[in-house]
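What follows is a set of notes on a single structure, which appears directly below.
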Amino acid sequence: MRIVQLITRPQRRGAEIFAVQLAEQLLTLGHEVYVISILKGPGNLYFSGNFIHLDLPGNGKLDIAGFRTLAAKINEIQPEIIQANAADTLLYAVAAKYFSTWDFRLVYRNANQISSFIRNKAQLIFNQLLHRQLHAVVSVSEKSKQDYLTLFRPKHILAIPIGIDPQEIELKLPVLGKRETQNHILFVGSLVPEKDPLGMLDIFRDLLPTHPNLKLKFLGSGPLEEKLSNKIKLEGLEETVEIIPSQSNIFPILSQAKVLCMPSKIEGLPGVILEAMYCQIPVIAYNVGGIGEVVKNKETGWLVEAGDSQAFKDSILEVINSPASELEKITTAAQSLVLINYQINQIAKEFEKFYHTVIR
């Protein structure tokens, strides 16, 4: 098959990272694969195949010139499948259909709880118009699939989760002798309201009076970075809280964390949870989106009801106070779950099978 993975911009965000990883696997399965990034971005994404950067300005308006540019590239490539991977990709892909002379099947990868981002009836109607143009939808979790079905009537929808590449992770991990766990809590993700980094800071601050040696690291960038930094200074937490910009290799930091915390208000199924589970780092997360499909409370991690900050604090205390042998039971079970069900080579074969179905 000739396949295009369409991403918003070259950036280290979950949707883009997974699209590139999937593209690499589809290449190894013998397909002709292109990754097209629509808007300008910071880079830091690598794809060994055809990586096309349109570098459109993305001015927030209907970008007719941009739609035509994408359509021309589609006419040149002549793909059988185009997969739009979240954010602006759907609008560009649907618009490009009308300017393109090439007939292709359009798949949308639904990587989140889409209903949480639709604020009013006008937005809903506009999205319904866009989603009616799809041939098929891939949801990142069963929960996201059900959420999608409440809003739209897709022709064909299937839940296929994300996957990780254990071999790539092992290459990026520090040498075994330097993987000592440190006494820090780790937050990994974009600094955006739905990830709630400010709420994570509040939770950490409340733990300090009884656990003054704890540290908190935020690994990520985003629009809330300045507000978060100011709050850290205002509360006098500069010595205990650190903001680390997005990294191309997070594993030297992740592998040394005491615990990974995911206080998100909205999620699909974050890849970093699977990566932490593979690295046998305890995971604490709110039960939103598809997280509960992998994090089973006291079995593969700690699952907290959404918004219950006190239970989140209690879970952190339980992790940092638990004997290593008790933690190992849970982290070993988590790693086994990932290796059995969430390896990227297995996931890519599910996408391949799905694409064949869509074409037929």
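Counting only residues that are among the charged types (D, E, K, R) and in contact (Cβ under 8 Å) with a residue 60 or more places away in the chain, how many does the range 102-117 have? Working first, answer last.
First, the residues of the range 102-117 that are among the charged types (D, E, K, R): 103, 105, 109.
Then drop every residue that is not in contact (Cβ under 8 Å) with a residue 60 or more places away in the chain, which leaves 105, 109.
Going through the range 102-117 one residue at a time, the tally reaches 2.
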*asked:* Could you check the range 273-311 and list, in sequence order, the residues that are closer than 19 Å to Ala159 by Cα and of a type in the set (A, V, I, L, M, F, W, C)?
replied: Ile273, Leu274, Val288, Ile291, Val294, Val295
*State all residues of the range 15-40 that are assigned to a loop (DSSP other than H, G, I, E, B) and either in contact with an Asp or Glu (Cβ under 9 Å, 6 or more places away or on another chain) or closer than 18 Å to Leu70 by Cα (or both); if no residue qualifies, say none.*
Leu29, His31, Lys40
*Just checking, which of Leu91, Leu130, Leu70, Leu149 is in the same structural domain as Leu6 (by TED's automatic domain parsing) and more than 28 Å from Lys195 (Cα to Cα)?*
Leu70
*When residues of the range 229-250 are filtered for being hydrophobic (A, V, I, L, M, F, W, C) and under 21 Å from the mean Cα position of the chain (by Cα), how many remain?*
3
_Between Thr89, Thr150, which is buried (at least 18 other Cβ atoms within 10 Å of the Cβ) and among the polar types (S, T, N, Q)?_
Thr89
*Kindly establish whether Pro154 is within 30 Å of Glu80 (Cβ to Cβ) and free of Cβ contacts under 8 Å to residues at least 24 places away in the same chain.*
yes
*Members of the range 238-277 that are surrounded by fewer than 17 Cβ atoms within 10 Å (Cβ to Cβ), in contact (Cβ under 8 Å) with a residue 24 or more places away in the chain and either small (Gly, Ala, Ser) or closer than 18 Å to Leu214 by Cβ (or both)*: Glu242, Ile244, Ser248
*Leu260 being within 21 Å of Ala334 (Cβ to Cβ), in a strand (DSSP E or B) and either out of contact with any Ser or Thr (no Cβ under 7 Å at 6 or more places or on another chain) or at pLDDT 95 or above (or both)*: yes
*Consider Gly43 carefully, then state whether it is over 26 Å from Phe354 (Cβ atoms), touching a strand residue (DSSP E or B) at 6+ places or on another chain (Cβ under 6 Å) and assigned to a loop (DSSP other than H, G, I, E, B).*
no
*Report those helices (runs of 4 or more DSSP H) wholly inside the range 291-360 carrying at least 3 residues which are without any contact (Cβ under 8 Å) to a residue 40 or more places away in the chain.*
309-321, 324-341
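Within the range 25-40, is even one residue in the same structural domain as Lys349 (by TED's automatic domain parsing), among the basic types (Lys, Arg), touching a strand residue (DSSP E or B) at 6+ places or on another chain (Cβ under 7 Å) and under 24 Å from Ser248 (Cα atoms)?
Yes, because at least one residue in the range 25-40 is in the same structural domain as Lys349 (by TED's automatic domain parsing), among the basic types (Lys, Arg), touching a strand residue (DSSP E or B) at 6+ places or on another chain (Cβ under 7 Å) and under 24 Å from Ser248 (Cα atoms).
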*Specify the residue that is surrounded by the most Cβ atoms within 10 Å (Cβ to Cβ); the eligible residues are those in the range 35-48 that are at pLDDT 90 or above and in contact with a helix residue (DSSP H, G or I) (Cβ under 6 Å, 6 or more places away or on another chain).*
Ile38
*Test: Lys143 is assigned by TED's automatic domain parsing to the domain that holds Gln21 and surrounded by fewer than 14 Cβ atoms within 10 Å (Cβ to Cβ)*: no
*Out of the range 49-62, which residues are under 26 Å from the mean Cα position of the chain (by Cα) and either among the hydrophobic types (A, V, I, L, M, F, W, C) or crowded, with 18+ Cβ neighbours inside 10 Å (or both)?*
Phe51, Ile52, Leu54, Leu56
*Among Val241, Val294, which is in contact with a strand residue (DSSP E or B) (Cβ under 7 Å, 6 or more places away or on another chain) and at pLDDT 95 or above?*
Val241
_Flag if Leu201 is farther than 22 Å from Ile164 by Cα, at pLDDT 95 or above and assigned to a loop (DSSP other than H, G, I, E, B)_ = no
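The values are calculated or read from the model by the stated rules, or taken from the named source; none is laboratory data. These numbers come from a predicted model, not from an experiment. Here Cβ is always computed from backbone atoms with ideal geometry, including for glycine, and neighbour counts include all displayed protein chains.
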